[in-house]
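Worksheet: the structure to be examined is printed underneath.
The values are calculated or read from the model by the stated rules, or taken from the named source; none is laboratory data. Just so it is clear, the model here is predicted, and its values are computed rather than measured. Backbone-built Cβ (ideal geometry, glycine too); neighbour counts: all protein chains shown.
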Amino acid sequence: MKIGLPNPRPCAPRLCRSRPHRSELDQGRALRSERVWRAAFIRGLLGSGTLVLGACVSMAPSYEAPPLPVQPRYAESVAVAVAEGASTTASGIVWSQFFADPALRALIAQALRNSRDLRLAVLRVEEARALYGIQRSELYPVLGVGVSGTRARTPADLSYTGQPQVASQYRAGLQVPVWELDFWGRVRNLRDAALGEYLATEAARRAATLSLIAQVADGYLSLRELDERLAIAQQTIDSREESLRIFRRRYEVGASSKLDLAQVETLLTQAQALGAQLEQTRALQRHALMLLVGGPLTELPAGTGVGDENLMRSRLDPGLPSDLLLQRPDIVAAEQRLRAANANIGAARAAFFPSISLTGSYGSASAELEGLFESDSEAWSFSPSISLPIFDAGRRRSALALAEVRRDLSVANYEKTIQSAFRDVSDALSSRRWLAQQAAYLEAAVAAQSERARLAQKRYDFGAAPYFEVLDAQRELLSAQQQLVQLRRAVLSSRVRLYAALGGGQDAAASLVP
């Protein structure tokens, strides 16, 4: 049994093609009035959205950089090193100007092109940039175009007319999905947090670049040191082989004892063992340098050794500890992460306030496809909504506590980074001063050992001393020569460390990024 509804719903104008009983003039007037009202409504909606964007407040606490957790000046022990004649700050010198050795500059350029670690750092920057772009887009509504069609059959027992009906509906127009009005600055604070992470990642990339430059330079100096030590060892081996030949001949003719021959052989084997050890160390150092530059090494040209003072600039002005805030990329990265954590607090606070969203569409609708774009098929919808969780078991409060704790962690990390930078500069300045003095003292010691070895050899030749005295003098001379080369390399490495500790030239970190 079918039961019809007492008040059947009138059919849509498009379905039954009926028109209201009024004159065409009244219809035109009404249509124009409705269009004017709708246009004014849409303009008002867009204007109110603009006002909302401009008037939204930020719940983030005002950012204040923590005070410097270090002394306003470097320690008294490095004051002399600073006043020795420093002329230029590290931030004003790019690496190609700081390092004068062409072979070293070529290796650094190769490392900047091929280093996988640096490539990973660059890709992390691109990732952070994309995340920032996504978060920034949340401030603006998404505008899309949608076209849809529906055809449905309604059975008789569900129909208003008591008869089965087949209805069609077609829609086309612009659509705005859910768009949150950022009254409390939640979306804007999330954007600022993403921006801070992006800038921190960029600064971390520059720090990785500077670290790579310093590692390549130090590895190159170590290789030069081993080359020079190997040359000294080889000269000693050649000299002692000749001495062994002479003493063997003298022993054969009875001019020297077997003890003297054994002592000469001991000297030779010690030098040969040192040469083999240096060859192994040099091979390992070469492999490490190949890993840093990201490719095979060409044969390095013969250099003047680590005793050349012109391999790099010797004088750098460290300035004040406050200068490191602008020069050191790792400090810049720590501060940007602190700013991001501060912005996240604002986003967590905004979650305690109502969320206001808008959804709307504007286009045309019709029951027939051919009537979709006729003049009287205009259709629009506007749906604002407000939501505020009443009970969330402390989720928002815990989220705010988490953001505040992470801000405190960022402050601690920022202060620790500054303290580490202060120590790096102080250590480099002290090393530059005291290693230079040690090298001067050791140069005098090598000269004295050379004179001692010469006099001991003469005393032995004239029979005034046993050969054990010559043995001891030559052993001490070789050890002092090796230590002097190591110390000279340490002096140059201290300059590299100071350049890196002061932040280097910022253009250097960006000039050859792959």
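Couple of notes before you dig in:
- Residue in the stretch 392-404 that is more than 33 Å from the chain's Cα centre (by Cα) and of a type in the set (Gly, Ala, Ser) present: yes
- Positions within the stretch 357-393 being surrounded by 15 or more Cβ atoms within 10 Å (Cβ to Cβ), not in a loop (DSSP other than H, G, I, E, B) and not small (Gly, Ala, Ser), in sequence order: Leu358, Thr359, Tyr362, Glu378, Trp380
- Each residue in the stretch 411-458 was checked for being out of contact with any helix residue (DSSP H, G or I) (no Cβ under 7 Å at 6 or more places or on another chain) and farther than 30 Å from Ala65 by Cα, and 11 of them qualify.
- With respect to being of a type in the set (Gly, Ala, Ser) and either in contact with a Leu (Cβ under 8 Å, 6 or more places away or on another chain) or surrounded by 21 or more Cβ atoms within 10 Å (Cβ to Cβ) (or both), Ala130 falls outside the description.
- For Ser361: the one exception among (1) closer than 20 Å to Arg171 by Cα; (2) touching an Asp or Glu at 6+ places or on another chain (Cβ under 9 Å): (2)
- Members of the stretch 246-283 found to be among the charged types (D, E, K, R) and closer than 21 Å to Pro466 by Cβ, listed by number: Arg248, Arg249, Arg250, Glu252, Lys258, Asp260, Glu265
- Inter-residue pairs, beta-carbon under 6 Å, first buried (at least 16 other Cβ atoms within 10 Å of the Cβ) and in the stretch 420-439, second basic (Lys, Arg) and not in a helix (DSSP H, G or I), 6+ apart: Ala421/Arg328
- Screening the stretch 451-469 for residues that are among the small types (Gly, Ala, Ser) and assigned to a loop (DSSP other than H, G, I, E, B) and picking the one that is surrounded by the fewest Cβ atoms within 10 Å (Cβ to Cβ) gives Gly463.
- Residue within the stretch 488-502 that is in a helix (DSSP H, G or I) and either free of Cβ contacts under 8 Å to residues at least 12 places away in the same chain or more than 30 Å from Ile331 (Cα to Cα) (or both) present: yes
- Every condition in (1) part of a loop (DSSP other than H, G, I, E, B); (2) among the β-branched types (Val, Ile, Thr); (3) modelled with pLDDT of 85 or more holds for Val513 except the one numbered (3).
- Pairs, first over 16 Å from Ser420 (Cβ atoms) in the stretch 316-338, second modelled with pLDDT under 80 and not β-branched (Val, Ile, Thr), C-beta under 6 Å, six or more apart: Leu316/Ala86; Leu316/Ala90; Asp317/Ala86
- Filter result (of a type outside the set (S, T, N, Q) and either at positive phi or touching a Leu at 6+ places or on another chain (Cβ under 6 Å) (or both)) within the stretch 364-380: Ala367
- Qualifying residues in the stretch 160-182 (those that are among the aromatic types (Phe, Trp, Tyr) and surrounded by 18 or more Cβ atoms within 10 Å (Cβ to Cβ)) - the one farthest from Pro354 (Cα to Cα): Tyr170
- Pick from the stretch 137-159, criterion within 30 Å of Ser375 (Cα to Cα) and surrounded by 15 or more Cβ atoms within 10 Å (Cβ to Cβ), ranking: farthest from the chain's Cα centre (by Cα): Ser159
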